[in-house]
Amino acid sequence: MEQIETTKTAALDAIANANGLDELDAVRVQYMGRKGLIPDLMKHLKTIPNEEKRAYGQRVNDLKTAFQEALDARKQELEAAAEETVTAAFDLTLPGEWRGVGSKHPITQLTERAIRIFQTLGFTVADGPDIETVFNNFDALNHPPGHPARDVKDTFYLDDPDTLLRTHTSPVQVRYMLSHPPPIRIIAPGRCYRRDTPDATHSANFHQIEGLYVAEKVSLADLKGDLSHFAREAMGPNTKVRFRPHFFPFTEPSVEVDFSCHVCGGKGCRVCKNSGWIEIAGAGMVDPNVFKAVGYDPDKVTGYAFGMGIERIAMILFGITDIRHLYENDARYLAQF
């Protein structure tokens, strides 16, 4: 009983003398923590004679109650004192400081705009991881073993030789087809990685938005119609679209897609290098080998796919001369857009 009273006196004195919330919390841990002095007193209950256990337990409980009440009261005093100190240091008569209104990054703006346009055509948004497998990134997309894109000079491989940082967002299309039966109509915006030397028009980290439409009797005419609609909505109502033959491993036939220059209206200027056209996307009809890799029957379904760089569209629309300006996080520069 004497030990209980001694502990009570010391505990209440420690609470009263605590000069800050940190000191007060240290007192709480010392006396009420898992290995504190008050729980230690309760451990002695089993050594107390039976006729004295009730009185001993009641005294310890009274100690706990008194300790908690004193602790709460002192905490309120210290918090009030701290608040008064802060209030006293703050001059309420000072005028507010205008911090300015934030704005979305140009890449975010254009990604959201593209998503809205394609959603009006019935597309849904699909997503996938930045770390991909070689199968999803190359094999399923009909890249032969010796394709240059597989070289370590062009692709970031990880410690596991079967994993890499995706070089395009096309693996999202593979993942989606593996888990969904046709028909499907998706767009896949996201970040990509390639071993490019950074300069005014290249970056090792960039963004793409890719589209995939698979169903019965999908044709190149569907691709042309949808991309023409996107061009007019994104670049202006008078924008024209040009398709040029090209080659991609995962589409056949393949095309490069050019939009008429929105600056000069197709007459020729510095932006379009006096050609009147700006290369925007690569596209084509999905190669039957891609369908076979994901378990689709190429005799029953057809489809088209396209991909375009968000940074390229941003540079054209906003007149950005160096792609690195988009990543330097200069709020003064980015606020223009």
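Some observations on this one:
- From the list F291, F259, F247, the lone residue that is among the aromatic types (F, W, Y) and surrounded by fewer than 16 Cβ atoms within 10 Å (Cβ to Cβ) is F247.
Matching residues to (1) closer than 22 Å to M285 by Cβ; (2) touching a helix residue (DSSP H, G or I) at 6+ places or on another chain (Cβ under 9 Å); (3) not in a helix (DSSP H, G or I):
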{"position": "A114", "(1), (2), (3)": "yes, yes, no"}
{"position": "L121", "(1), (2), (3)": "yes, yes, yes"}
{"position": "D127", "(1), (2), (3)": "no, yes, yes"}
{"position": "H143", "(1), (2), (3)": "yes, yes, yes"}
{"position": "V152", "(1), (2), (3)": "no, no, yes"}
{"position": "D160", "(1), (2), (3)": "no, no, yes"}
{"position": "T167", "(1), (2), (3)": "yes, yes, yes"}
{"position": "V172", "(1), (2), (3)": "yes, yes, no"}
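- Scanning the stretch 232-281 for residues being in contact with a Ser or Thr (Cβ under 8 Å, 6 or more places away or on another chain), assigned to a loop (DSSP other than H, G, I, E, B) and under 30 Å from T302 (Cα atoms) gives a total of 3.
- Pairs with Cβ under 8 Å, 6+ apart, first in the stretch 254-277 and under 21 Å from H229 (Cα atoms), second outside any loop (DSSP other than H, G, I, E, B) and of a type in the set (D, E): E256/E279; V257/E279; D258/E279; W277/D258
- Restricting attention to the stretch 72-100, the residues that are β-branched (V, I, T) and not in a helix (DSSP H, G or I) total 1.
- Residue within the stretch 263-286 that is crowded, with 17+ Cβ neighbours inside 10 Å, assigned by TED's automatic domain parsing to the domain that holds T321 and polar (S, T, N, Q) present: no
- Taking the listed residues K43, K64, K53, the one that is modelled with pLDDT under 85, closer than 30 Å to E23 by Cβ and basic (K, R) is K43, with no other qualifying.
- Residue tally, condition assigned to a strand (DSSP E or B) and among the hydrophobic types (A, V, I, L, M, F, W, C), over the stretch 282-337: 6
The values are calculated or read from the model by the stated rules, or taken from the named source; none is laboratory data. What you are looking at is a predicted structure, and each value in this text was computed from that prediction instead of being measured. Methodologically, a virtual Cβ is constructed for each residue, glycine included, from the backbone with ideal geometry; neighbour enumeration extends over all protein chains shown.
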